[in-house]
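Chemist: One structure coming up, written as structure tokens, with questions to follow.
The values are calculated or read from the model by the stated rules, or taken from the named source; none is laboratory data. All figures in this text were calculated on a predicted structure; none of them were measured in a lab. No Cβ is skipped: glycine too gets one built from the backbone with ideal geometry, and neighbour counts run over all protein chains shown.
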Amino acid sequence: MNRSCPRDEYGRALIRLRLIAEGPKDLIGWIIRLRTNSAWNHIDAEDADGDWLGARARGGVARRPRDYVKPARSLILDIPAGELACGRFYRFLEDQLAKPYDFGAIAHLALGTAGRLLAPGRKWDDPASWYCFELIFAALRAARLVRVPDYLPIRSVCGGEIVAAATGLWHRVEWRFEAPVEKIRCGARWAG
């Protein structure tokens, strides 16, 4: 049994992700939501102790307590993963702890086409630093839950790709909205 994996009500290993939208005072979050056309500006993965692992502008990749942020809205994704995949996912995240935040990814998002011209060789999965969505997507790839073909020119990853990967791979993803619930848009609309 893998200690870092959260469990469902039957004791099965799962990966628990939390997509969040922060308030209007969060400039980086505003840039992310605007440029990715998403309701979400951040994602974390919950471990078995209830702590959140993720990349933030303050502190880079770190483990944070459950109440470290008060989001305007959030969405919990419970993905049944099995012991092996769950272990790979959380091991990957543990190996990334203390790495810096990827401000280059945010500049790339903020500048759009100009960002691609200024940094044409940017790789979303460069392990030197991480932006939250790219960290979680790389962990899903390390767990072998998503595949990224070499011929796809991925420059960045956002919340829509995480939701699409989670819903496309699993026949059962448990969606739980934490209050306050609003209409949420990330490729589709869900009413709370």
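Chemist: Those residues that are out of contact with any helix residue (DSSP H, G or I) (no Cβ under 7 Å at 6 or more places or on another chain) and surrounded by 21 or more Cβ atoms within 10 Å (Cβ to Cβ), I need them from the range 103-137; list them, please.
Modeler: Across the range 103-137, the qualifying residue is only Cys132.
Chemist: Please pick out the residue among Ile15, Ile31, Ile20 that is touching a Pro at 6+ places or on another chain (Cβ under 8 Å) and farther than 17 Å from Ser4 by Cβ.
Modeler: Only one candidate qualifies: Ile20.
Chemist: Which is in contact with a Phe, Trp or Tyr (Cβ under 9 Å, 6 or more places away or on another chain) and more than 22 Å from Ala139 (Cα to Cα), of Ile43, Ile106, Ile76, Ile28?
Modeler: Numbers: Ile43 fails: more than 22 Å from Ala139 (Cα to Cα); Ile106 fails: more than 22 Å from Ala139 (Cα to Cα); Ile76 fails: more than 22 Å from Ala139 (Cα to Cα).
The unique qualifying residue is Ile28.
Chemist: So, one more: Within the range 29-40, can you find the residues that are in contact (Cβ under 8 Å) with a residue 24 or more places away in the chain and in contact with a strand residue (DSSP E or B) (Cβ under 9 Å, 6 or more places away or on another chain)?
Modeler: First pass over the range 29-40, keeping only residues in contact (Cβ under 8 Å) with a residue 24 or more places away in the chain: 31-32, 35-40.
Hits for the range 29-40 are Ile32, Asn37, Ser38, Ala39, Trp40.
Chemist: Show the residue pairs meeting these rules: Cβ distance below 9 Å; 6+ apart or different chains; first residue within the range 118-129 and among the hydroxyl-bearing types (Ser, Thr, Tyr); second residue exposed (fewer than 14 other Cβ atoms within 10 Å of the Cβ) and at pLDDT 90 or above.
Modeler: Within 9 Å, the pairs are Ser129/Pro100.
Chemist: Quickly run through the range 16-69 and pick out the residues that are under 25 Å from Tyr90 (Cβ atoms) and among the basic types (Lys, Arg).
Modeler: Answer for the range 16-69, where residues must be under 25 Å from Tyr90 (Cβ atoms) and among the basic types (Lys, Arg): Arg16, Arg18, Arg56, Arg58, Arg63, Arg64, Arg66.
Chemist: If you go through the range 56-89 one residue at a time, how many are within 13 Å of Ile20 (Cα to Cα) and hydrophobic (A, V, I, L, M, F, W, C)?
Modeler: The total comes to 5.
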